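Asker: My structure is below; once you've seen it, I'll send some questions.
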Amino acid sequence: MTSATGVRGRTRRAILAAAASVLSRRRDASLADIAAAADVGRSTVQRYFPDRDTLVSEVIADCLRLLDEALKDARIEQGPARDALRRLVTAMLDVGDQVLFLYGDARIREVIAVQDEPDPAAEEVDRLIRRGQAEGILDAEVSCDWIEHVLWAHVAAGCTAISEGKLPRHGASEWVIRTLENGIGARHAAPADVSKGDDS
């Protein structure tokens, strides 16, 4: 790889990362805003991505790639479901800007659907949820779809807290995991109600 090619690759990745970060917070951000976040000129952004639609399309593809890599690194198909769920949460918070960009706007999800791009999270997470229910750590009386909805809502909340500087990444991971386990964890048999007395 030549030096020029290496520089171009780094510049392109910096623009894509900046775009995901900026657009996850401000959907109407301009190319100038993205250029400033990437610490390059607007003309540089347009040299790599001629228009906003092209940039957004490339950011979607890049975010999906990064989520796929994060899922593979988390190895959620291995080990006990409880540990896999914790690894999943931590991995998704590590790519928080990409998560917020992809799942924080219905219009982006529609673009993904139209492009027929595979969702790297869907099947893996569904299998993990079903495994968690089978192992007795996730509530088997709640649908997988609902558990997945709650999971992503909590992950998004953690990503937002990190993005806004309200929580450090490690702290957000602990809070999201704790809230999830308390909210969608399997229910253990509660003690029988004890009458307070006979009023008759």
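The values are calculated or read from the model by the stated rules, or taken from the named source; none is laboratory data. Values in this document were obtained by computation on a predicted structure and should not be read as measured data. Glycine gets a Cβ as well: all are built from the backbone with ideal geometry, and neighbour counts include every protein chain shown.
Asker: Working carefully through the options 75, 87, 13, find the one that is at pLDDT 90 or above, over 23 Å from residue 157 (Cβ atoms) and under 16 Å from the mean Cα position of the chain (by Cα).
Answerer: On the way: 87 fails: over 23 Å from residue 157 (Cβ atoms); 13 fails: under 16 Å from the mean Cα position of the chain (by Cα).
75 is the lone residue from the list that is at pLDDT 90 or above, over 23 Å from residue 157 (Cβ atoms) and under 16 Å from the mean Cα position of the chain (by Cα).
Asker: A further question follows. Do any helices (runs of 4 or more DSSP H) entirely within segment 11-93 hold 2 or more residues that are charged (D, E, K, R) and without any contact (Cβ under 8 Å) to a residue 24 or more places away in the chain, and if so, which? Give the derivation first.
Answerer: Details: elements: 31-38, 42-48, 52-74.
The helices (runs of 4 or more DSSP H) meeting that bar are 42-48, 52-74.
Asker: Further, regarding this structure: Looking only at segment 66-80, decide whether some residue is surrounded by 13 or more Cβ atoms within 10 Å (Cβ to Cβ), among the basic types (Lys, Arg), closer than 22 Å to residue 172 by Cα and assigned by TED's automatic domain parsing to the domain that holds residue 172.
Answerer: yes
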